[in-house]
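Down below is the structure, laid out as structure tokens.
What follows draws every value from the coordinates through simple rules; no lab data is involved. As the structure is a computational prediction, the values presented were derived from the model and not from experiment.
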Amino acid sequence: MDNPSEFNRLTERLAQLESNQAFQEESIESLEKTVAQQYQAIQQLEHKLKLLSEYLKNIKQQEGIKHTHEETPPPHY
């Protein structure tokens, strides 16, 4: 590397690569946080769905929910 312009070009390229790496590390950290938050939200939604499913099953077993053909029509019909 006897040529100073070549050295400067390589130095600039190295600085650009380091900058890109730092940006990618920040992006990965941000994505990891987002994935963790989404995982927690999905876990909570799955739990709520399970509770709702059990609740509806219990109501149906108690004859609280009938098929439409089993229901008596409202008085205004």
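Helix 4-61 and the longest principal axis of the C-alpha atoms of the chain enclose an angle of approximately 10°.
Just checking the listed ones, Leu52, Leu17, Leu31: in the Gaussian network model of the chain with Cα springs under 10 Å, the one fluctuating most is Leu17. Grouping the Cα pair distances of the range 25-70 into 5 Å bins from zero gives a pair-distance distribution of 5, 19, 12, 13, 10, 9, 9, 7, 6, 5, 3, 1, 0 percent in increasing distance order. Considering helices alone, the calculated mean residue ellipticity of the chain at 222 nm is -28500 deg cm²/dmol, with DSSP H runs of length four and up weighted by -39500 (n - 2.57) and normalised per residue.
Note that the range 1-42, at 10 °C in a medium of 1.306 mPa s, gets a Stokes-Einstein diffusion coefficient of 126 µm²/s from its Kirkwood radius over C-alpha pairs. How large is the translational diffusion coefficient of the chain in µm² per second when you combine the Kirkwood radius over alpha carbon pairs with Stokes-Einstein at 20 °C and 1.002 mPa s? Stokes-Einstein gives a translational diffusion coefficient of 113 µm²/s.
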